[in-house]
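Rule-based calculations on the coordinates, nothing more; no lab input. As the structure is a computational prediction, the values presented were derived from the model and not from experiment. Using ideal geometry, Cβ is built from the backbone for each residue, glycine included, and neighbour counts are taken over all protein chains shown.
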Ligand code: PLP
């Protein structure tokens with residue numbers, strides 16, 4: 001934190017020389033040096049002499065807040081005592097065993113088996129592979145297609161990114177031509193609801209899945225995958241009618257249901273899992289971000305008995321895994337994270353206190369002419385811009401209005417993220433009432449400045 005300007009410039013130059021950044025225009029980095037984030041505590045991050053309120057919890061993952069000494073102590077102990085050992089060929093470690101025990105206590109009751117990996121993308125990749133393996137071992141190899149949705153975000157590896165509903169993520173890599181991933185309509189009422197009532201639209205959006213299944217043939221489809229709330233691409237919150245209907249359709253057509261709870265899992269919606277908030281039960285569930293609150297790279301894919309009993313059947317080795325699957329340090333850190341969520345009742349706090357306050361205060365922004373909708377669920381929100389509140393006309397994306405607002409928000413001292421015509425915020429669970437007030441005040445100033 002106490003680094004001189006010369007030292008900062010030296011580090012920026014070193015980074016710029018050879019570091020290719022995720023989701024960054026390399027040319028923009030030629031113009032401007034990378035921002036050097038140096039320190040963080042609670043809900044605040046600090047770098048280059050600037051302190052910012054992080055209303056994004058990093059990338060929607062630092063749920064318990066930054067700089068927890070107990071997390072560092074746990075990691076230190078495991079690094080000292082075992083450091084690393086793999087979990088191939090039937091080997092485990094105490095921390096993997098304890099995390100598994102803890103997870104089995106908190107996950108929805110249908111899940112009784114877990115596979116560990118390092119990122120959300122790998123958890124999704126695992127879910128896809130296991131869905132295919134399930135059908136293969138059931139003697140139905142033709143069931144291989146995965147159906148996803150517009151506005152979905154499921155990851156950055158080849159198979160997971162093929163599921164994304166964002167053209168720009170496909171164009172350069174040829175994944176849009178993937179024959180294995182199909183897309184159906186998202187339950188995005190504000191944009192596509194037309195004259196329909198909210199709940200009616202939920203049933204309509206679910207019906208789009210059923211129509212696609214009939215068109216393609218259930219005999220060719222392995223699974224449907226969806227995020228309970230589509231977080232990354234605009235915090236799209238479905239009507240309550242949507243998910244139970246999706247579950248019914250998957251059951252009726254004998255298609256596995258994968259809940260991608262990488263963002264919603266571990267409390268973000270004000271319940272432990274999005275499946276509880278939206279009243280449905282998946283066959284497979286993915287977890288990542290909030291599993292360790294970003295303190296270590298770890299993800300998990302969970303299976304119900306139907307799927308687990310087949311993939312564990314007597315048909316040979318599971319040909320899947322990563323060197324760092326169930327890494328002891330990551331498992332210990334994840335377990336400590338869950339204990340903190342439980343001890344400090346952070347999820348109950350979202351449901352009963354800070355979540356409702358966050359909603360009420362953010363809705364005050366609706367008095368700004370260009371704010372069309374403020375949608376919240378637990379401690380996540382999408383603030384949708386429009387040119388006209390009556391017609392809901394969108395601003396052309398080429399205006400980059402949300403990017404400009406997010407940039408201006410940095411000047412006012414708060415981090416939010418742009419997603420098309422939506423400003424997304426996803427704060428740490430420890431956000432206080434004062435933090436919410438500061439977020440809304442600073443965001444209002446940024447919107448008014450840009451508009
Ligand atoms: N699934 C969802 C719902 C996500 O939001 C993300 C990341 O934002 C991923 C998967 C991919 O996770 P990762 O970036 O850890 O690979």
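The table below gives the values:
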item: Shape category assigned to the chain from the gyration tensor of Cα positions, a/c cut at 1.5; result: oblate
item: Structure-based [θ]222 nm, the chain - -39500 (n - 2.57) summed over DSSP H runs of at least 4, per residue, nearest 500; result: -12000 deg cm²/dmol
item: Sites residue 36 and residue 395, calculated FRET efficiency, Cβ-Cβ separation with R0 25 Å, nearest 0.05; result: 0.20
item: Sequence of 298, 415 once ranked by neighbouring C-beta atoms within 10 Å, starting from the fewest; result: 415, 298
item: Nitroxide proxy distance, nm - points 7 Å out along Cα→Cβ at residue 9 and residue 24; result: 1.9 nm
item: Residue 211 versus residue 445: modelled label distance in nm, points set 7 Å from Cα along the beta carbon direction; result: 4.8 nm
item: Segments 184-194, 165-175, 2-12, 208-218 sorted - mean Cβ within 10 Å per residue, highest first; result: 184-194, 208-218, 165-175, 2-12
item: Part-to-part distance (alpha-carbon centres) for region 295-312 and region 221-290, which is given in Å; result: 15 Å
item: Rounded to 5, the percent of DSSP beta bridges in the chain classed as antiparallel; result: 65 percent
item: Gyration tensor verdict on region 237-337 (Cα atoms; rounded if a/c is under 1.5, prolate if a/b is larger than b/c, oblate otherwise); result: oblate
item: Cα centroid of region 391-451 to Cα centroid of region 320-375, whole Å; result: 18 Å
item: Per-pair calculated FRET efficiency, R0 = 30 Å: residue 357 and residue 46 via Cβ, rounded to 0.05; result: 0.75
item: Neighbour-count ranking [beta-carbon atoms within 10 angstrom, fewest first] of 23, 278, 35; result: 23, 35, 278
item: Paramagnetic reach from residue 348 in region 261-302 [backbone N under 15 Å; point 7 Å along Cα→Cβ]; result: 270-272
